[in-house]
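For reference, the structure is listed below as structure tokens.
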Amino acid sequence: MSTLLPATDALVVGGGIAGLQTALDLADQGYQVTIVEREPSIGGAMIGLSKVFPTLDCASCITTPKMAAAAHHEGITLLTYTGIDSISRNGATFSVRLTKKPRFVREDLCIGCRLCEYACPSIVPDQFQGGYSGHRAIHIPFSNAIPQTARVDDNYCTLCGQCVAVCPTDAVDFEQKPKQLEVQAKTIIDATGWRLTPIDAKPQYHGDTIANVISPLQMERLLAPHGPFGRVLRPADGKVPESIAYVQCAGSRDATLGVPYCSRVCCMYAIKQAMLLSGAVPLADITIYYMDIRAFGKGFEEFYQNAKAMGIEFIKGKVARITENPDRSIMVRFERIDEFGQVEERRHDMVVLSLGMLPGDNLHPLLPIQIGKDGFVLVPHAKEAPCHTGVDGVFVAGTTTGPKDIVDTIVEAGAAASEAAMYLKEIGGDPRPSEGNES
Ligand SMILES: Cc1cc2nc3c(=O)[nH]c(=O)nc-3n(C[C@H](O)[C@H](O)[C@H](O)COP(=O)(O)OP(=O)(O)OC[C@H]3O[C@@H](n4cnc5c(N)ncnc54)[C@H](O)[C@@H]3O)c2cc1C
């Protein structure tokens, strides 16, 4: 038996930066918006980044206010830790069935005091911190998560009852079950985003077996002010790295991986991280192995030139193999594709694989929207309606249509909101006075 939620004008699927911006733009025009996010917190990938290219602004200083604005907007309802089961359509109304997963903590009672976390004896690898530190089995996902509601990881909970004993509001509820919900919406915006190429995509790089070969999102956390170690250390043994290498196109522009396209952000995030590392570990040598540098956006070329001027070494070469030495340093074997052309090997303390962006879990299985050969949502008339999926009332925002940076994501989110608002006006859905419905 499902609970029918108040009807909404727009259902935004995905609470990353694209979904948040679309929701805020629509809600500011007076529309009722519901955001459905499958994770326990909104924020998407951006909330886990350290700083952003090309301005080096703090990522969470941009994301957190948008998360808070969405959470406090009287026209926005947040449904976190919630997945979509089915979507059906009757005329201009979509009926969406959802399942809210149990946190084993009541959202209406939890005050985010973290007393449960301090009492819990079970430690779980913290995936938000790249797996490099731990959190308790009951925990708030990360310090600026929204909502600030604890969740029990039932894979690690020993049912010791310590959290129940200390909770001042009796919010812990081990009897909680998945909750079936239903909501009716006039328009749907798919902002489900992207996922990273798996770190073991190229077996010759041994990203899954060598601890000092890491993903770029793990490096984002090492560089973040509230990262797992508070500074950049080599994950395998805590050594301060003296030499760090980036391997570009480790997950893109490779037909053998099924990813022939360029992921558009890897050159710039690698250069950004290299610049940040120059500050964080000033004595370290930083090398970027690349095929071409694609610095296509505003200010990007200058950013690249600044990185070169800072002493970051760029080697035009293809990395063939990565292996580990007994002292846990890394050997990178590469073929120069510059005027020298020879095969060489170099030793580094750590290697970051510049992995690419793959399509996320978009709404294609639930709606008759089209998918391109690359797996991202296809927009049939991109030049006329860049955010319209071709299905009446269904729009798309951000990296759901393909790899892009944050600026382009936010621009596209604004466009999706305005296309959705025009559609709502056409079907007679004028903005309504807010009902302030909160889940
Ligand atoms: C290592 C790295 C560093 C980067 N650094 C920068 C940078 O410095 N500057 C820059 O401009 N760009 C950078 N980027 C790119 C940036 O991360 C993206 O532009 C941005 O994350 C796109 O946001 P989004 O909202 O489209 O997607 P996402 O951030 O992926 O958000 C999608 C949201 O939807 C949710 N979701 C997915 N499927 C479902 C579903 N079925 N139901 C409900 N919810 C769902 C997800 O949980 C997520 O919260 C970087 C990328 C990488 C890989």
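The values are calculated or read from the model by the stated rules, or taken from the named source; none is laboratory data. Computed from a predicted structure; not experimentally measured. Cβ coordinates were reconstructed from backbone atoms using ideal geometry, including for glycine residues, and neighbour counts include every protein chain displayed.
Numbers below:
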quantity	calculated
Per-region count, the stretch 32-56, residues assigned to a loop (DSSP other than H, G, I, E, B), aliphatic (A, V, I, L, M) and more than 6 Å from the ligand (Cβ to nearest atom)	2
Condition met for residue 333 (under 23 Å from residue 266 (Cβ atoms) and more than 23 Å from the chain's Cα centre (by Cα))	yes
All positions within the stretch 271-300 that are over 19 Å from residue 354 (Cα atoms) and among the charged types (D, E, K, R)	298
Qualifying position, being away from the ligand (no atom under 16 Å from the Cβ) and touching a Leu at 6+ places or on another chain (Cβ under 8 Å), among 186, 177	186
Which numbered condition residue 315 fails, given (1) surrounded by fewer than 17 Cβ atoms within 10 Å (Cβ to Cβ); (2) more than 15 Å from the ligand (Cβ to nearest atom)	(1)
Which listed residue, of 250, 284, 245, is surrounded by 18 or more Cβ atoms within 10 Å (Cβ to Cβ), touching a His at 6+ places or on another chain (Cβ under 7 Å) and within 18 Å of residue 330 (Cα to Cα)	245
Residue within the stretch 392-404 that is more than 16 Å from the ligand (Cβ to nearest atom) and buried (at least 22 other Cβ atoms within 10 Å of the Cβ) present	yes
Strands (runs of 3 or more DSSP E) contained in the stretch 153-259 and holding at least 1 residues under 20 Å from the mean Cα position of the chain (by Cα) and farther than 30 Å from residue 6 by Cα	194-196
Cross-chain or 6+ apart pairs with Cβ under 8 Å, the stretch 101-113 first and at positive phi, then among the polar types (S, T, N, Q)	104/176; 112/148; 112/149
Number of the exception - residue 268 against (1) under 22 Å from the mean Cα position of the chain (by Cα); (2) in contact (Cβ under 8 Å) with a residue 12 or more places away in the chain; (3) under 27 Å from residue 360 (Cα atoms); (4) more than 15 Å from the ligand (Cβ to nearest atom)	(4)
Leading residue by the ranking (farthest from residue 14 (Cα to Cα)) among those in the stretch 397-431 that are without any contact (Cβ under 8 Å) to a residue 40 or more places away in the chain and among the aliphatic types (A, V, I, L, M)	422
Some residue of the stretch 277-295 being within 15 Å of the ligand (Cβ to nearest atom), of a type in the set (Lys, Arg) and in contact with a Ser or Thr (Cβ under 9 Å, 6 or more places away or on another chain)	no
Test for residue 77: is it more than 9 Å from the ligand (Cβ to nearest atom) and under 20 Å from residue 403 (Cα atoms)	no
Qualifying residue in the stretch 348-364 (condition: away from the ligand (no atom under 13 Å from the Cβ), in the same structural domain as residue 202 (by TED's automatic domain parsing), in contact (Cβ under 8 Å) with a residue 12 or more places away in the chain and over 26 Å from the mean Cα position of the chain (by Cα))	yes
Which numbered condition residue 76 misses (of (1) over 28 Å from residue 224 (Cα atoms); (2) surrounded by fewer than 22 Cβ atoms within 10 Å (Cβ to Cβ))	(2)
Residue check, residue 141 within 25 Å of the chain's Cα centre (by Cα) and either assigned by TED's automatic domain parsing to the domain that holds residue 387 or surrounded by fewer than 17 Cβ atoms within 10 Å (Cβ to Cβ) (or both)	no
Among the candidates 243, 278, 215, 252, residue that is among the hydroxyl-bearing types (Ser, Thr, Tyr) and under 30 Å from residue 82 (Cα atoms)	215
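Each row is one residue, and each column tells you yes or no for (1) more than 18 Å from residue 387 (Cα to Cα); (2) surrounded by 21 or more Cβ atoms within 10 Å (Cβ to Cβ); (3) among the aliphatic types (A, V, I, L, M).
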| site | (1), (2), (3) |
| --- | --- |
| 1 | yes, no, yes |
| 10 | no, yes, yes |
| 14 | no, yes, no |
| 17 | no, yes, yes |
| 58 | yes, no, no |
| 61 | yes, no, no |
| 67 | yes, yes, yes |
